[in-house]
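Take a look at the structure set out below.
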Amino acid sequence: MAIRWTLLPAAVVALPFLVNACVNEPTAAGTGPRVAAARLLAVDPVALKLIPTAGNFPPPDFAKQTGNGPYSQARWTNKVALDGKFSMLLEKAVDFASCYTDSPQNGCAAFAAAIVTGVEGITIAELGDIGFSVSGSCGAGSPRFNLFYDTDGDGQADGVAFYGCSAHVSGSPAADWTSMTASAAAPDFCYTFPSGACTLTPASTVVELSVLVDEQGTWRIDRVQAAGTTTGEPNGT
């Protein structure tokens, strides 16, 4: 498995758009009430919902995020589904490899993601096994789970963990579909901001979880699993 995430600046590797898409940025005040409310989910069944999110970090500095546009798309579709009527379409038009060249193509650092809401504030132990089913390639880095986690209880992200599809294949539920399942406590790769060793533990709490693609291609995501619950429709669980 090629860990290409370490080859870009920290701002791109961590993909801060995933945290910023929450109600509060990780460095902003006011995350406490959101986390406190989410902690109640550890007692009651978790209600999951998928939020389509896409954007781009334009070259040359990859510092400023732009919104959903010609380089990536994230949206619900009723053209293909494993269960029910819908799946989440994640698509990117430009090859990631261009980011490593002297003249990177606009869109090489674009992303498309399904943000998994309803798990914010629960522990990694409570998150348990995480998984999804995909129609499209099941690669090492796309699609994958990105998990931003908190280690000191302030509700702000202290690190990020990655779980690639191909390393955790668990079956083929239907023609052209592949399922993956991973233990949230055992990521493929993980680090503490800005570039320290992984500090993820079972007692760490979830800041944000998402299914993400940042390579060129088209994927449809369904049966997203977390905290013992599965979702794949726009109205969630």
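The values are calculated or read from the model by the stated rules, or taken from the named source; none is laboratory data. It should be emphasised that the depicted structure is a prediction, and the values quoted were computed from it without experimental measurement. All Cβ positions, even for glycine, are placed from backbone atoms using ideal geometry, and neighbour counts span all protein chains on display. The protein model used for the area step is the full one, side chains on, heavy atoms only, and it has no ligands, DNA or RNA in it. Shrake-Rupley method; radii C 1.70, N 1.55, O 1.52, S 1.80 Å.
Set the Förster distance to 30 Å, then compute FRET efficiency between A174 and T151 from the Cβ-Cβ distance, nearest 0.05.
E between A174 and T151, to the nearest 0.05, is 0.20.
Explain nothing, just compute: Karplus ³J(HN,Hα) = 6.51 cos²θ - 1.76 cosθ + 1.60, θ = phi - 60°, for every residue of region 126-140 in order, whole Hz, x for Gly and Pro.
Taking θ as phi minus 60°, the curve returns 6, 5, x, 7, 10, x, 7, 10, 9, 9, x, 5, 10, x, 6 Hz for region 126-140.
Just the accessible area per residue of region 83-237, please: how many Å² with a 1.4 Å probe?
Spelled out: the 1.4 Å probe surface of region 83-237, per residue, equals 34 Å².
Excluding same-chain residues fewer than 8 positions from K92, which aspartates and glutamates have a Cα within less than 14 Å of its Cα?
Partners within reach: D214, E215.
Short version: ³J(HN,Hα) in whole Hz for each residue of region 214-226, in order, from phi by Karplus 6.51 cos²θ - 1.76 cosθ + 1.60 (θ = phi - 60°), x for Gly and Pro, what are they?
Values, residue by residue: 9, 10, 6, x, 10, 9, 10, 10, 8, 6, 7, 10, 6 Hz.
Under 17 Å from a point 7 Å along the Cα-to-Cβ line of D83: which residues of region 170-206 have their amide N that close?
170-175, 177-182
Report ³J(HN,Hα) in whole Hz for each residue of region 105-113, in order, from the Karplus equation J = 6.51 cos²θ - 1.76 cosθ + 1.60 where θ = phi - 60°; Gly and Pro get x.
Per residue, the Karplus-derived 3J(HN,Hα) values read 7, 4, x, 5, 9, 6, 8, 9, 8 Hz.
Nearest 0.05, what FRET efficiency do A203 and A140 give at R0 = 22 Å with Cβ-Cβ as r?
0.20
Amide H of Q216 versus every other amide H placed in the peptide plane: which residues, excluding those fewer than 5 positions away on the same chain, fall under 5 Å?
F96
Quick one: length gained pulling A185 to T218 fully straight, 0.36 nm per residue minus the C-alpha distance?
Separation in residues times 0.36 nm, less the Cα-Cα distance, equals 9.0 nm.
Heavy atoms only, probe 1.4 Å: what % of the accessible area of region 99-189 goes to carbon and sulfur, would you let me know?
With neighbouring chains kept in place, the figure for region 99-189 is 44 percent.
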